[in-house]
Amino acid sequence: MSYVIAMAGKGGSGKTTIAGLIVKVLKENNAGSVFAIDADPNSNLGEVLGATINENIGRILDDIAAGPDKIPAGMSKERFIEYRVQSSIVECEGFDLLSMGKPEGPGCYCYVNNVLRNCMGKLIKEYDYTVIDNEAGLEHLSRRTTRACDTLLVVSDPTKVGLLSAKRINTLAQELDITIGKRILLVNRSHTDFPEGLVKETGLECIGKVPVDNDIMTASFNGTSLLELSNESASLVSLRKMGELIWH
C-alpha cells in the first residue's frame, strides 16, 4: 500500500518546489518506489524534476470524450483509458512521473473521471510512496486521483495572505469527501519569524519552516533540475529534518 502525500498551497507558495524536493529525498534515501503526480494544471513538477512530459491525462480524456470511436474494437472504454494512462507515465531514474494536465473542457466527463479515479487508485497501490502536487482547490484529489491521502501537506509563504489561504485549504479539505490521515503546514522561504497567531488559526500542525535558499533560486533562474541540488543546500537540510513528520 502506497503512502500518499498530497501537496496544496496558493500559487507562488513554492509547493511544487517542495514536492520536487520530497521526491529527491525519497529517491536518495532509497525509501522505495516513488510515484510523482503533477495534478496542478500549471504542470511544473516535471520541469523541476528535469523530466520531459509528452502526454497528459487531460488530453487523453478529451480525446476519448470527443471521439469514442477511437477505442479499438474488442477493447472496453475502461481498459482503453487504463492503457492510455499507463502509457503516459514517464519512467525516470528513481521515480515515475504522471501529468494530469488541464481540467476537462465542455461535455460530460462523469464516467471517464470515475474510471480514471479507479485506474489511479490501482496505479498508486503499486508504489511505496506517491507525491501529488495539487492546485489549491484540491479538485484532483476529490475527482480524478484518489479520495484518500496519508498526509495533506499545505505549503505557505510567511505572509498573512499565505496563511489565510492555508486556512481555507484546510477548511475545504474537511468539506470534501476525502479521507486524510494528518494535515500539516510547512512555511516556505521563511527568513524571519512568522505570525504564530495566524499559524494556529489555520487548524494545521506546523512542522517547521524551509529557509530562503539561494541554490533553489539559482536552479529556478537557470531552469535546472532540483535533482542536481547540492545535498548541503539549506532547503534540503531543513526538509530532511522534517521528513519523519511528512512521510511516516
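Points to keep in mind about this one:
- Note on Lys200/Arg79: beta-carbon distance plugged into 1/(1 + (r/R0)^6) with R0 of 35 Å gives a FRET efficiency of 0.10.
- Full-extension gain in nm, Thr218 to Ala148, via 0.36 nm per residue minus C-alpha separation: 21.7 nm
- Between 0 and 90°, nearest 10: helix 15-28 axis offset from the chain longest Cα axis: 90
- Amide proton proximity set for Ser190, modelled H, under 5 Å, gap of 5+: Val210, Val212
- Heavy atoms of the protein chains alone define the surface here; on that basis the chain has 45 Å² accessible area per residue at 1.4 Å probe size.
- Debye intensity ratio I(q)/I(0), log10, the chain, q values 0.11 Å⁻¹ (C-alpha model): -0.56
- Relative intensity, log₁₀ I(q)/I(0), of the stretch 1-138 from a Debye sum that treats every alpha carbon as a point, q = 0.09, 0.13, 0.18 Å⁻¹: -0.27, -0.55, -1.02
- Mean ellipticity per residue at 222 nm, deg cm²/dmol - from DSSP H runs of n ≥ 4 across the chain, formula -39500 (n - 2.57): -12500 deg cm²/dmol
- Annotation: amide H-H contacts under 5 Å for Cys206 (H modelled 1.01 Å from N, sequence separation of 5 or more, or interchain): Leu185.
- Förster-model FRET efficiency, 35 Å R0, Ser225 and Val161, C-beta, rounded to 0.05: 0.75
- Of the trypsin sites (Lys or Arg not before Pro) in the stretch 179-220, not one is in a loop by DSSP (not H, G, I, E or B) with at most 13 other beta carbons within 10 Å.
- The share of accessible area on the stretch 145-210 that comes from carbon and sulfur is 49 percent, using a 1.4 angstrom probe.
- Proximal aspartates and glutamates relative to Lys27, as straight alpha-carbon distance under 18 Å, when same-chain residues fewer than 8 apart are discounted: Asp38, Glu47, Glu91, Glu93, Asp96, Glu126, Asp128, Asp133, Glu228, Glu232, Glu244
- Against the rule of thumb 2.2 N^0.38 Å, how large the Cα Rg of the stretch 132-248 comes out: 1.11
The values are calculated or read from the model by the stated rules, or taken from the named source; none is laboratory data. Every value quoted in this text rests on a predicted model; they were computed, and no experiment measured them. No Cβ is skipped: glycine too gets one built from the backbone with ideal geometry, and neighbour counts run over all protein chains shown. Heads up: the accessible areas ignore ligands, DNA and RNA and are worked out on the full protein's heavy atoms, side chains in. Shrake-Rupley method; radii C 1.70, N 1.55, O 1.52, S 1.80 Å.
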